[in-house]
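J.: I have a structure here, written as structure tokens, and I will follow up with some questions on it.
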Amino acid sequence: VQLQASGGGLVQAGGSLRLSCAASGIRFSIFGMGWYRQAPGKQRELVARVTRDGSTNYADSVKGRFTISRDNAKNTVYLQMDSLKPEDTAVYYCNANSGIYGLVYWGQGTQVTVSS
């Protein structure tokens, strides 16, 4: 099983980035997918998630700025991040959760740095 995250980088405040997470080795369509982030000295927190039927939810801090989506044909989940703020700086992790089947997988993380 592999979750390969990509798309992180350095961007100025107000800019945009699009993260991608390509999954392999799992039956992607049955997994809920999520993005979490962890800033230095802080706990990992949920940013956004999309269920296997396409329902989404977001952390209050990113509502209206970030959009999560999935493409089951490509086994990929995306996180479009707009109007980025310095407080969005963190390592972003992709997560796959099969719910009642009890399987949880994490990607390796991708660094997002937003300069002021």
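The values are calculated or read from the model by the stated rules, or taken from the named source; none is laboratory data. This structure is a prediction, so every number in the text was calculated from the model and none was measured. Keep in mind that these areas ignore ligands, DNA and RNA; they rest on the heavy atoms of the full protein, side chains included. Shrake-Rupley method; radii C 1.70, N 1.55, O 1.52, S 1.80 Å.
J.: Counting heavy atoms of the protein chains only and a 1.4 Å probe, report the per residue accessible area for segment 11-77 as a whole number of Å².
T.: I get 54 Å² per residue for segment 11-77.
J.: Quick one: of the DSSP bridges fully inside the chain, what percent are antiparallel, nearest 5?
T.: If we restrict to bridges inside the chain, about 90 percent are antiparallel.
J.: What area, in nm² and to one decimal, does the C-alpha convex hull of the chain cast on average over all directions?
T.: With every direction weighted equally, the projected area is 6.7 nm².
J.: Sticking with this structure for a sec: How large, in percent, is the carbon and sulfur part of the accessible surface of segment 1-98 at a probe radius of 1.4 Å?
T.: Result for segment 1-98: 44 percent of the exposed heavy-atom area is carbon or sulfur.
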